[in-house]
1. In the list A:37, A:11, which residue meets the criterion of being closer than 25 Å to residue B:107 by Cα, within 12 Å of chain B (Cβ to nearest Cβ) and of a type in the set (Val, Ile, Thr)?
2. Sort out which residues of the range A:70-96 are among the charged types (D, E, K, R) and at pLDDT 95 or above, and write them in order of number.
3. Filter the range A:50-81 for residues that are touching a residue at least 40 places away in the same chain (Cβ under 8 Å) and among the acidic types (Asp, Glu) and give the result.
4. Within the range B:79-107, can you find the residues that are assigned to a strand (DSSP E or B), of a type in the set (Gly, Ala, Ser) and surrounded by fewer than 22 Cβ atoms within 10 Å (Cβ to Cβ)?
5. Could you go through the range B:55-65 and let me know if any residue there is closer than 28 Å to residue A:104 by Cβ, among the charged types (D, E, K, R), in a strand (DSSP E or B) and within 14 Å of chain A (Cβ to nearest Cβ).
6. What's the total number of residues in the range B:1-17 that are more than 14 Å from the chain's Cα centre (by Cα) and of a type outside the set (D, E, K, R)?
7. What tally of residues in the range B:65-90 results from selecting those that are in contact (Cβ under 8 Å) with a residue 24 or more places away in the chain and either over 21 Å from residue B:16 (Cβ atoms) or touching an Asp or Glu at 6+ places or on another chain (Cβ under 6 Å) (or both)?
8. Within the set of pairs 6+ apart or on separate chains, which have a first residue in the range A:33-49 that is within 18 Å of residue B:10 (Cα to Cα), a second that is crowded, with 20+ Cβ neighbours inside 10 Å and of a type in the set (Phe, Trp, Tyr), and C-beta atoms under 6 Å apart?
Amino acid sequence: GNSVTQMEGPVTLSEEAFLTINCTYTATGYPSLFWYVQYPGEGLQLLLKATKADDKGSNKGFEATYRKETTSFHLEKGSVQVSDSAVYFCALSEGTGGFKTIFGAGTRLFVKA
Amino acid sequence: GAVVSQHPSWVICKSGTSVKIECRSLDFQATTMFWYRQFPKQSLMLMATSNEGSKATYEQGVEKDKFLINHASLTLSTLTVTSAHPEDSSFYICSARDASDTQYFGPGTRLTVL
């Protein structure tokens with residue numbers, strides 16, 4: 001079945017450091033890929049998405065590229081801020097699965113000033 | 001952007017009672033809504049897919065008689081936890097899918113069963 005694997009956290013970085021959170025997926029078809037963010041005490045928010053191979057999703061300085069050859073969708077940001085501290089979830093959604101969204105385990109990011 | 005609300009945001013109940021959680025899409029119609037459960041510091045686990053006017057589709061291992069789902073209109077789905085027990089304590093999150101297949105998530109409902 002479909003699944004998402006992302007790097008375990010927590011990840012602790014200093015402000016302005018470079019961020020990478022790895023995500024790989026297993027899917028039977030051609031899924032759409034997502035990164036969601038959950039700030040403390042809040043619900044999930046869509047951060048970015050990509051719907052086909054080689055697409056790059058970007059938002060708020062975060063980027064992720066849909067790599068079909070490596071089945072990956074790694075999240076990157078060139079310079080993190082304290083306000084980026086949150087839990088980040090990689091996810092996929094596939095039409096053949098009724099558009100259900102399958103989430104990774106989540107990676108908690110702490111950014112120190 | 002689109003907004004999904006949940007009510008209540010938190011609830012405490014006694015063991016054996018039933019609790020109803022509402023999920024509403026406030027500014028769009030959602031033919032499909034999803035219910036998730038999130039344990040502390042863990043990911044979201046899909047419980048069921050709720051389609052307006054039809055029976056919900058439950059994921060393997062989810063008891064449909066315990067977690068009753070009703071999707072009565074294009075903007076409202078409800079999850080009722082029947083005869084709740086302490087092990088049902090969790091964070092329940094709904095999402096609604098709009099016409100462009102974008103999912104919007106509610107803020108979640110924290111259930112504590114004493």
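The values are calculated or read from the model by the stated rules, or taken from the named source; none is laboratory data. Keep in mind that what you see is a predicted model, and the values were worked out from it rather than measured. Neighbour counts are summed over all protein chains in view; Cβ atoms, including those assigned to glycine, are modelled from backbone coordinates with ideal geometry.
1. Working: A:11 fails: within 12 Å of chain B (Cβ to nearest Cβ).
Unique residue meeting the criteria: A:37.
2. Residues of the range A:70-96 that are among the charged types (D, E, K, R), as a first pass: A:76-77, A:84, A:94.
Correct list: A:76, A:77, A:84.
3. Hit for the range A:50-81 is A:76, nothing else.
4. B:90
5. No, there is no match, as no residue in the range B:55-65 is closer than 28 Å to residue A:104 by Cβ, among the charged types (D, E, K, R), in a strand (DSSP E or B) and within 14 Å of chain A (Cβ to nearest Cβ).
6. Quick first cut of the range B:1-17, residues more than 14 Å from the chain's Cα centre (by Cα) only: B:1-3, B:12-17.
From what is left, the residues that are of a type outside the set (D, E, K, R) are B:1-3, B:12-13, B:15-17.
Selection size over the range B:1-17: 8.
7. Looking only at that region, the number is 7.
8. A:43/B:105; A:44/A:36; A:44/B:105
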